[in-house]
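The values are calculated or read from the model by the stated rules, or taken from the named source; none is laboratory data. As the structure is a computational prediction, the values presented were derived from the model and not from experiment. Neighbour counts run over all protein chains shown; Cβ positions are idealised from the backbone, glycine included. Accessible surface is based on the protein model in full, side chains and every heavy atom, while ligands, DNA and RNA are left aside. Shrake-Rupley method; radii C 1.70, N 1.55, O 1.52, S 1.80 Å.
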Amino acid sequence: MTQTADAASTALTSGDAASRNIPKIGFVSLGCPKALTDSELILTQLRAEGYDTSKSFAGADLVIVNTCGFIDDAVKESLDTIGEALAENGRVIVTGCLGAKAGEGGGNLVRQMHPSVLAVTGPHATQEVMDAVHVHVPKPHDPFVDLVPAYGVKLTPRHYAYLKISEGCNHRCSFCIIPSMRGDLVSRPIGDVLNEARALFESGVKELLVISQDTSAYGVDVKYRTGFWDGKPVKTRMTDLVERLGELAEHFGAWVRLHYVYPYPHVDEILPMMAAGRVLPYLDVPFQHAHPDVLKRMKRPANGEKNLERCSAGARLARRSWCARPSSLASPARPRPSSRTCSTSCERPASTGPAALPTRRSKARARTRWPAPCPRPCARNAGRASWRSPRRCRPRSCASASAPRCRC
């Protein structure tokens, strides 16, 4: 039995869809009544989210085919219908029993016969079908029905907004507590990130600030897998993301500013985009320190002097003035002993010795931060890698009320 969206079109369509730019979905339901009820669930969800239905393949933004794979004739009918939809429309999502049927060699039968379909799911997969529809035809926004705007609720002024692309960090720096609270790196799907960016630009945002714990590592956790945005493949990688964001910003006359950019080698690929004006010539780079010994104790796999040289080379490559805001850990301006260790029995190296000189001599304008507290075994330092370090104050000298307190 074949059921199309024609029968439901009158009941589901309200108002002039063309005047409101409502996306239309073509739908064909094949097979038994159980498949028909699955089709009803999908159509109900489509209508609840504001999609409209189309009476023809050619007039739809996307076509969904709910298939049957019980007997040979049903398989042939399903494959023929998929081919017809591809010929007239080109954008087809396949669901139903045939979507779960294996072909020769153990591969998916539908993929083998029609490799150009957008997605394939099995039966009773309403959510999977809706996820595929959202990827290729974004959900429409109806201001009379939706309680929340498409860009969400923002606490920033209207002219700028933050865009978080990932959470967590894979580094284990000895002074940082973030991984113990936020966990390892988890990158957001690139399609979701770009859709959010577009919604923000459409809402009037003129400056988009890209943030995360480690922006340069975006996509490492998923091995730079290929995602989809607007029906096109895009790799989950920082350079690809920045390129797409730059194109979006250029279309809306907006800016893109990158924050928390760890100086990985592939960051150099961003500089030509800055030279082209697609991304603001600005980098927020956490150098932390310039001395290799201090960086080693911090467990920072980088060399401060080489990073400064790369900044200078990057400015020449970009062929325009640009700004790098490096973050570094430096000692406060107060008297300190000139020796390499603290005077109160703490074995932690002092910051005023030779190790501090490269930081002071750096040509970059570092944003000075106060140093972390002494890594003595107290609750204030619990969670940091340095808290478990052997370089800790002796309990008697730090914990005793009569002993001088460590000022590291």
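List every residue pair whose Cβ atoms sit under 8 Å apart, with the two residues 6 or more apart in sequence or on different chains, where the first one lies in segment 213-231 and is more than 15 Å from residue 178 (Cβ to Cβ) and in contact (Cβ under 8 Å) with a residue 60 or more places away in the chain and the second, anywhere, is part of a loop (DSSP other than H, G, I, E, B) and open to solvent by 60 Å² or more (accessible area, probe 1.4 Å).
Matching pairs, first to second residue: 231/91.
Confirm whether residue 90 is open to solvent by less than 40 Å² (accessible area, probe 1.4 Å) and in a loop (DSSP other than H, G, I, E, B).
Yes, satisfied.
For segment 62-80, what are the residues that are crowded, with 23+ Cβ neighbours inside 10 Å and either among the aromatic types (Phe, Trp, Tyr) or part of a helix (DSSP H, G or I) (or both)?
Scanning segment 62-80 gives a single hit, 78.
Go through segment 45-61 and give me each residue that's open to solvent by 60 Å² or more (accessible area, probe 1.4 Å) and within 15 Å of residue 134 (Cα to Cα).
Residues satisfying the conditions are 45, 47, 48, 61.
Would you call residue 38 loosely packed, with under 15 Cβ neighbours inside 10 Å, in a helix (DSSP H, G or I) and either of a type outside the set (A, V, I, L, M, F, W, C) or at pLDDT 95 or above (or both)?
Spelling it out, it is not the case that residue 38 is loosely packed, with under 15 Cβ neighbours inside 10 Å, in a helix (DSSP H, G or I) and either of a type outside the set (A, V, I, L, M, F, W, C) or at pLDDT 95 or above (or both).
Please go through segment 55-79 and pick out each residue that is among the acidic types (Asp, Glu) and out of contact with any strand residue (DSSP E or B) (no Cβ under 9 Å at 6 or more places or on another chain).
Answer for segment 55-79, where residues must be among the acidic types (Asp, Glu) and out of contact with any strand residue (DSSP E or B) (no Cβ under 9 Å at 6 or more places or on another chain): 72, 73.
Do you know which residues across segment 93-108 are surrounded by fewer than 21 Cβ atoms within 10 Å (Cβ to Cβ) and in contact with a strand residue (DSSP E or B) (Cβ under 9 Å, 6 or more places away or on another chain)?
100, 101, 102, 108 - these are the residues of segment 93-108 that are surrounded by fewer than 21 Cβ atoms within 10 Å (Cβ to Cβ) and in contact with a strand residue (DSSP E or B) (Cβ under 9 Å, 6 or more places away or on another chain).
Could you grab me the full set of residues in segment 110-131 that are open to solvent by 30 Å² or more (accessible area, probe 1.4 Å), in contact with a strand residue (DSSP E or B) (Cβ under 8 Å, 6 or more places away or on another chain) and in a helix (DSSP H, G or I)?
Hits for segment 110-131 are 111, 128.
Pick from segment 264-284 the residues that are part of a helix (DSSP H, G or I), of a type outside the set (Val, Ile, Thr) and touching a Ser or Thr at 6+ places or on another chain (Cβ under 9 Å): which of them is surrounded by the most Cβ atoms within 10 Å (Cβ to Cβ)?
Residue satisfying both the conditions and the ranking: 273.
Criterion first (aliphatic (A, V, I, L, M), touching a residue at least 24 places away in the same chain (Cβ under 8 Å) and touching a Phe, Trp or Tyr at 6+ places or on another chain (Cβ under 6 Å)) does residue 100 satisfy it?
no
Counting only residues that are open to solvent by less than 10 Å² (accessible area, probe 1.4 Å) and either in a helix (DSSP H, G or I) or at pLDDT below 90 (or both), which one in segment 247-261 is farthest from residue 173 (Cα to Cα)?
249
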